[in-house]
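The structure under discussion appears below in the form of structure tokens.
Here, each number is a calculation from the coordinates, and none is a lab measurement. These figures come from a predicted structure and were not determined experimentally. Cβ: placed from backbone, ideal geometry, glycine included. Neighbour counts: every protein chain shown.
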Amino acid sequence: MEEYKKIRIEVLDRMIETSFCGYDPSAINFSKRAIKIRSIINNVPNRVLRKVLSSLYSRTIYYLGEYSIFLLKPKKKVYTKGLALVLSGLACDEFPNYELINILVDLIMSKRIRNTYLWAHDIDYSFPGGRAVTTETPNLVTTAFVANAFFDLYKKTNIVSYKEIFNKIVGDLLKEVPYKELSDDKICFMYTPITDYHVHNANLLYAELLAKKIYLGSSDAEELMSLIDRALNYSLSDFHETETYPYAGPPTRKFAIDNYHTGYLLRSLNEIDSLIGRALNVDLVPEIRHLLKFYIESFVSGGYIVRDNERTIQSHSLAEAILIFKIFEEKIAPCDRKIMLCAIKKTIDILYDQSNHYFINNAKMLFGVFVKDRTEMVRWSNAWMYYAMSVK
């Protein structure tokens, strides 16, 4: 993928030009107007009319994404996840740009939840069940992205302060973000301290952080290994029982499957295996092999990289596919490798705006024609694509 070096530079320059500030799907979905519109629809007394209005609203937002900005008026934000992804991307350079790295580190540290090494999502939102999650609520995934950035920086530079920050982050996670006991040998790490939602990618991402802490040399390695084994047992058991890779497991089951969340599972399992695989109670190699096959069969379709069975092509999912291709290239069968690489290139051609140097949000096939959502989403699109194009 050497031919995309120029695009990588252009995308970074574009993010710097925008001060890393932009729209985001979560900001659109949880804007005040979106919540108000949903509330009005939900209060329509006639059930049939309510369903029709809900469907019309959802389809309008789905197919006319960029126009939803005008309708819903979401606020632009600088998203911590996006900054962390750029930081991880910069750590891949042979000669890192320390000036930019230091600027991003300072900005990320300024966004911490007070008196902790934890981060929240940058807008208020709600989880299933209606539980409000605010910008003061520690968020596992946002915090994990930051932790991974410092881990990547330490591996690249051997600067001890990066390692110290990583360990402080994981230490605070262990104190503040809990796990739920499912049985004596199964636990699931939670997304936030106040939500009870058993999300597989979050559970494995947490386990990955613990594996990295062990890898760096941890005095509590035995205790952490026990937590990792039990978290793996929860997710892998559910995958075996359902014969698929659902978003969430029991008792808060959600069977939805999409490209990037499946990719998260695959990359976390691979990272855990590469760091501490020999010490685990389970052999992850066959699990990874089976999941890689599932990923390629599910999300390389019709000559493009797709998000799900609706065959939307989307920059976030494209970034995930590039990461999967780079990390697992030697494990992908030659025929699948060729098909996947071709699909990646075709999808880049559709989604990259060459004039403005950013990746548009998505493109949906409607009556054989791509309907494009040209919304510029720095965290969701450009930061992900920059990181994916950076990984060696």
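For segment 257-271, backbone phi angles converted through the Karplus equation (6.51, -1.76, 1.60; θ = phi - 60°) give residue-by-residue couplings of 10, 9, 4, 6, 5, 5, x, 4, 4, 5, 6, 5, 4, 5, 5 Hz, Gly and Pro being listed as x. Here the extension length gained between F127 and N42 equals 28.9 nm, from 0.36 nm per residue of separation less the Cα-Cα distance.
Karplus-based coupling profile of segment 340-355, in residue order and whole Hz: 5, 5, 5, 5, 4, 5, 5, 5, 4, 4, 6, 9, 8, 8, 5, 6, with θ = phi - 60° in 6.51 cos²θ - 1.76 cosθ + 1.60 and x standing for Gly or Pro. With the chain treated as a Gaussian network of Cα nodes joined by springs under 10 Å, which of K51, K180, K155 yields the largest mean-square fluctuation? Between K51, K180, K155, it is K51 that shows the largest mean-square fluctuation. Normalising the average separation of contacting C-alpha pairs (under 8 angstrom, six or more residues apart) by the number of residues puts the relative contact order of segment 116-172 at 34 percent. Multiplying the residue separation of E164 and D196 by 0.36 nm and removing their Cα-Cα distance gives an extension gain of 8.5 nm. With the helix formula -39500 (n - 2.57) applied to DSSP H stretches of n ≥ 4, the chain reaches a computed 222 nm mean residue ellipticity of -18500 deg cm²/dmol.
Other residues within the sphere of radius under 13 Å centred on the Cβ of K364, judged by their own Cβ, net out at +1 (K and R +1, D and E -1). Of all the options R47, R253, R59, the one that moves most in a Gaussian network model of the chain with Cα springs shorter than 10 angstrom is R47. Determine the shape class of segment 234-304: with a ≥ b ≥ c the square roots of the Cα gyration tensor eigenvalues, call it rounded for a/c under 1.5, and otherwise prolate if a/b is greater than b/c, oblate otherwise. Oblate shape, in that a/c is at least 1.5 and b/c is the bigger or equal ratio. The percentage of C-alpha pairs in segment 79-177 whose separation is greater than 19 Å is 40%.
Pairs of Cα atoms in segment 1-112 fall into 5 Å distance bins, from 0 up to the last occupied one, in shares of 2, 10, 16, 16, 13, 11, 10, 9, 6, 5, 2, 1, 0 percent.
The antiparallel fraction among DSSP beta bridges confined to the chain stands at about 100%. The value of relative contact order for segment 79-177, using C-alpha pairs under 8 Å at least six residues apart, is 30 percent.
In µm²/s, what is D for the chain at 20 °C and 1.002 mPa s, where D = kT/(6 pi eta Rh) by Stokes-Einstein and Rh is the Kirkwood radius from Cα pairs?
Stokes-Einstein gives a translational diffusion coefficient of 99 µm²/s.
Return the single residue from M190, M365, M340 with maximal mean-square fluctuation; model: Gaussian network over the chain, springs between Cα atoms under 10 Å. Result: M365 has the largest fluctuation of those listed. Normalised by the number of residues in the chain, the average gap of Cα pairs under 8 Å and 6 or more apart makes the relative contact order 19 percent.
Across segment 384-392, coupling constants 3J(HN,Hα) worked out from phi with the 6.51/-1.76/1.60 Karplus curve, θ = phi - 60°, read 5, 5, 4, 4, 4, 6, 7, 4, 8 Hz, and Gly and Pro carry x. Here the label points at S274 and E310, each 7 Å from Cα along the C-beta direction, are separated by 3.3 nm in the simple model. Which longest uninterrupted range of the chain lacks any GluC sites (Glu not before Pro) assigned by DSSP to a loop state (not H, G, I, E or B) and surrounded by at most 14 other Cβ atoms within 10 Å? That would be 137-242.
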